[in-house]
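Working notes, beginning with the structure itself.
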Amino acid sequence: MQKNQQKIVLIGGPGTGKTTIINNLKKKNFFCFDEVSREVISKAQEKGIEQLFLTEPLLFSEMLLEGREEQFLNADKTKENIVFFDRGIPDVHAYMNYFKTKYPSLFIEKSLKYKYDLIFHFSPWKEIHVTDKERYETFEESTIIDEFLTKAYTELGYKIINVPFGSIDERTNFILNSLSCEI
């Protein structure tokens, strides 16, 4: 691990533009980890389980927690100075809170153990919100989920940097310009 490695998480409700910005950062040759839940959902759908989170929320969340922890540890193994994550470990318990699902204390313990350096928040944005086979939440649900996400990160002591609405390049540049101020 680089001593000065910056682990940076993009958070926000579904459909707020996080993955689009991650993809743009990849084009700019930044090291990025993709959202784990899409992979978990796709694997479940291949097995005939349409919405694993809705049918077995604890199992789904345990798989997410494991995947996000693995990403964090893999970031430590890289020589990259800056690593971006499409969602972080605290997202898991934030979603469990949103769905009023009980979960073991391990979820919070992992959130406390694996700390990120910067958190960039993407607010709900109706004009860009779309659903697909993995993202089924309505805009209204996305807005409520967003509140649970920001609460989870705030309760863990994170300072949240809000990314303004704008074009893909404007949002990406906002993040990159903020890095030079924060690092």
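Among the residues of the stretch 89-122, just one is in contact (Cβ under 8 Å) with a residue 60 or more places away in the chain, over 13 Å from Thr154 (Cα atoms) and within 13 Å of the chain's Cα centre (by Cα), namely Phe122. For the stretch 81-106, name all the residues that are more than 23 Å from Thr19 (Cβ to Cβ) and not aliphatic (A, V, I, L, M). Answer for the stretch 81-106, where residues must be more than 23 Å from Thr19 (Cβ to Cβ) and not aliphatic (A, V, I, L, M): Lys100, Thr101, Lys102, Tyr103, Pro104, Ser105. The set of residues in the stretch 5-47 being modelled with pLDDT of 90 or more and β-branched (Val, Ile, Thr) consists of Ile8, Val9, Ile11, Thr16, Thr19, Thr20, Ile21, Ile22. Name the residues in the stretch 107-133 that are surrounded by 13 or more Cβ atoms within 10 Å (Cβ to Cβ), in a helix (DSSP H, G or I) and basic (Lys, Arg), would you? The one that is surrounded by 13 or more Cβ atoms within 10 Å (Cβ to Cβ), in a helix (DSSP H, G or I) and basic (Lys, Arg): Lys110.
Just to be sure, is Gly157 touching a residue at least 12 places away in the same chain (Cβ under 8 Å) and either outside any helix (DSSP H, G or I) or surrounded by 15 or more Cβ atoms within 10 Å (Cβ to Cβ) (or both)? No; evaluated as a whole, the condition is false for this residue. Going by the structure shown, is Ile41 among the hydrophobic types (A, V, I, L, M, F, W, C), part of a helix (DSSP H, G or I), farther than 25 Å from Ile160 by Cα and touching a residue at least 60 places away in the same chain (Cβ under 8 Å)? Yes, satisfied.
For Gly67, the conditions (1) crowded, with 21+ Cβ neighbours inside 10 Å; (2) of a type in the set (Gly, Ala, Ser); (3) within 21 Å of Cys32 (Cα to Cα) all hold with the exception of (1). Of all the criteria given as (1) buried (at least 16 other Cβ atoms within 10 Å of the Cβ); (2) not in a helix (DSSP H, G or I); (3) not aromatic (Phe, Trp, Tyr), the one not satisfied by Asn162 is (1).
Taking the condition of being touching a residue at least 60 places away in the same chain (Cβ under 8 Å) and farther than 23 Å from Lys115 by Cβ, how many residues in the stretch 20-38 meet it? Summing the residues that are touching a residue at least 60 places away in the same chain (Cβ under 8 Å) and farther than 23 Å from Lys115 by Cβ in the stretch 20-38 gives 4.
The values are calculated or read from the model by the stated rules, or taken from the named source; none is laboratory data. Only a predicted model underlies this, so the values are computations on that prediction, with no experimental measurement involved. Here Cβ is always computed from backbone atoms with ideal geometry, including for glycine, and neighbour counts include all displayed protein chains.
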